[in-house]
Amino acid sequence: MNFFPIGSRGLAPRSASLTAALAATLALSACSGGSGVSDPIDDGLGLVSVSAQIDLGRALFFDERLSRPMGVSCGMCHDPLRGWGDGRPQGKGVQDHSLAGDQDGDGESDHNDFQAIAGAFHKTVLTDRNTPTIYNSHLYTNLFWDGRAMGLEHQAQFPVEAGFEMNSSWDDHVLPLLRSDDGYDDLFGNAYGSRPITKERAIAAMGAFQATIQVWDTPYDDYLAGDPSALSPAAEHGRQLFFGKANCSTCHPGPTLTNQEFANTGVPAAGPMALTGAIDLGRGGRTDLTGDTEVAIDEGDDYCKFKVPQLRMVAVTGPYMHNGAFSTLEEVVDFYDAGGGTDQSGTGTKDPRIVPLGLTGTEKAALVAFLRDGLTGTEIK
């Protein structure tokens, strides 16, 4: 496998515990056997074994008992057999509801369902979003389509209590369940010694597990490492277009193939939102709010902007865009070739770099070949 250094722009700000765990993982992999047994690690949580912490995180990630009602785990929406997504245009939660797609008004709200923005178009603004893959997510500065979480451990605490995801409670359900389970007593003990079972240790373990989901062995990586034959002729043509005429690399640069910024490309409404006429403010639904009042206060500079996704393994992580608007890579290429879609922000936030490309049919096919074949590898286990 080929590994490439990530510059400061590509590294996410991590908590001390995740940073320590990742550093120890690298150290252990360089030592004999990688047993995971090590001296205590200064992560602030009493971590004594990185491999045991990852095992704990894996168990939590796939445990369907953590939701209320039971039956939904993180791994059901981030399925390893579906590119660590769910293969749906929009995500589904505990009651098989589209994430906030079928709820309006002033009902229960959480981090993934809907936002009521006072003064914004004088209507309730809903979110109904695609489940993102978690490939290489340990490198991202912001997680979720609107960037509200800063790193994996910050992200890991939200889905459990999100009403339309797992609809649970750390204090009232998850922690009592974990503390009454002898299996978890052993898992936490292996990772943290005799330390008690806490939310902080649980989410640190989940973050450590998610940080193992990496892909760095694509044909494109082999090409970068000096193998000129790694890409097929069509994929090589597509690579030239990606970094040239098609201008994809402006937003998708570097080893992770994302600038980690937010952009409005005019993606059309999809799913239930296409029927309601509501508008997903994206990043603007976060940056335009203040305190606990959740009232729009500025000029809407971030309205309808969403996180620029990474493209590794993109062939297996559809549907595409923040709302699953497109089912195929061909549709995505057609969308950008046409100059994106209509700006729905009302504040002129569509990215000026999104312009018609004038690609030929052969060029479109080559670009898809690079995305599909050149960027597909295997996971680091």
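The listed residues are Leu371, Leu311, and the only one of them that is modelled with pLDDT of 95 or more and part of a loop (DSSP other than H, G, I, E, B) turns out to be Leu311.
Each row is one residue, and each column tells you yes or no for (1) within 24 Å of Lys245 (Cα to Cα); (2) in contact with a strand residue (DSSP E or B) (Cβ under 9 Å, 6 or more places away or on another chain).
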| position | (1), (2) |
| --- | --- |
| Cys304 | no, yes |
| Tyr320 | yes, yes |
| Glu330 | yes, no |
| Gly340 | yes, yes |
| Arg353 | yes, yes |
| Gly374 | yes, no |
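Taking segment 318-331 as the range and being surrounded by 17 or more Cβ atoms within 10 Å (Cβ to Cβ), touching a residue at least 24 places away in the same chain (Cβ under 8 Å) and under 17 Å from Leu367 (Cβ atoms) as the test, the residues that pass are Gly318, Tyr320, Met321, Leu329. Taking the condition within 20 Å of Leu143 (Cα to Cα), modelled with pLDDT of 95 or more and not in a loop (DSSP other than H, G, I, E, B), does Ala235 pass? When the stated conditions are applied, Ala235 does not pass them.
If you go through segment 337-354, how many residues are crowded, with 18+ Cβ neighbours inside 10 Å, modelled with pLDDT of 95 or more and hydroxyl-bearing (Ser, Thr, Tyr)? So the count comes out to 1. Can we say Thr258 is in contact (Cβ under 8 Å) with a residue 24 or more places away in the chain, polar (S, T, N, Q) and touching a Gly at 6+ places or on another chain (Cβ under 6 Å)? So Thr258 fails the test. Of all residues assigned to segment 171-179, at least one qualifies as being crowded, with 16+ Cβ neighbours inside 10 Å, of a type in the set (Val, Ile, Thr) and at pLDDT 90 or above.
Can you name every residue in segment 155-170 that is under 25 Å from Ala52 (Cβ atoms) and either touching a residue at least 40 places away in the same chain (Cβ under 8 Å) or among the acidic types (Asp, Glu) (or both)? If you could, list the steps in order and put the result at the bottom.
Of all residues in segment 155-170, those under 25 Å from Ala52 (Cβ atoms) come to 155-160, 166, 168, 170.
The answer is Gln155, Ala156, Gln157, Phe158, Pro159, Val160, Met166, Ser168.
Can you find a residue that is closer than 18 Å to Asp79 by Cα and either at pLDDT 65 or above or buried (at least 21 other Cβ atoms within 10 Å of the Cβ) (or both) anywhere in segment 102-125? No - not one qualifying residue is present in segment 102-125.
For segment 188-227, the tally of residues that are of a type in the set (Gly, Ala, Ser) and either surrounded by fewer than 23 Cβ atoms within 10 Å (Cβ to Cβ) or in a loop (DSSP other than H, G, I, E, B) (or both) stands at 6. When segment 132-161 is limited to residues that are assigned to a loop (DSSP other than H, G, I, E, B), surrounded by 20 or more Cβ atoms within 10 Å (Cβ to Cβ) and in contact with a His (Cβ under 7 Å, 6 or more places away or on another chain), the one that is modelled with the lowest pLDDT turns out to be Trp145. Answer yes or no: is there a residue in segment 251-262 that is at pLDDT 95 or above, surrounded by fewer than 20 Cβ atoms within 10 Å (Cβ to Cβ), polar (S, T, N, Q) and assigned to a loop (DSSP other than H, G, I, E, B). Scanning segment 251-262 turns up at least one residue that is at pLDDT 95 or above, surrounded by fewer than 20 Cβ atoms within 10 Å (Cβ to Cβ), polar (S, T, N, Q) and assigned to a loop (DSSP other than H, G, I, E, B).
The values are calculated or read from the model by the stated rules, or taken from the named source; none is laboratory data. These figures come from a predicted structure and were not determined experimentally. Counting neighbours? That spans all protein chains shown, and the Cβs are built from the backbone with ideal geometry, glycine included.
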